[in-house]
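The values are calculated or read from the model by the stated rules, or taken from the named source; none is laboratory data. The model shown is predicted, which means the values in this text are computed figures rather than measured ones. Every residue, glycine among them, receives a Cβ derived from its backbone with ideal geometry; neighbour counts consider all protein chains shown.
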Amino acid sequence: MRELFLVDPDVEELGWQDRALCAQTDPEAFFPEKGGSTREAKKVCLTCEVRDDCLEYALMKDERFGIWGGLSERERRKLKRRAV
Ligand code: SF4
């Protein structure tokens with residue numbers, strides 16, 4: 001099960017994590033080795049109902065590793081740059 005709960009439990013907005021599809025899948029797919037494939041993880045994200053919340057959370061927390069909301073760290077960085 002993916003460790004999505006290493007965050008402040010007092011933060012109320014984390015209700016979305018209960019519906020995180022990745023929690024039911026192989027966590028390693030979401031944290032591939034450098035240069036490893038992210039395809040499987042992204043495929044799961046595509047059908048995840050909390051994708052927007054997840055991405056927003058990762059952007060807010062400046063998550064450095066893993067796939068969040070269907071985007072890799074690099075893709076999230078790009079998105080952030082575009083938003084500034
Ligand atoms: S969007 Fe992807 S990483 Fe985020 S909760 Fe859903 S399955 Fe997990």
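Scanning the range 41-79 for residues that are more than 16 Å from Ala23 (Cβ to Cβ) and among the aromatic types (Phe, Trp, Tyr) yields a single hit, Phe65. Contact map, the range 7-26: residues that are surrounded by fewer than 12 Cβ atoms within 10 Å (Cβ to Cβ) paired with residues that are modelled with pLDDT of 70 or more, Cβ distance under 8 Å, separation 6+ or inter-chain. Pairs shown: Glu13/Asp53; Glu13/Tyr57.
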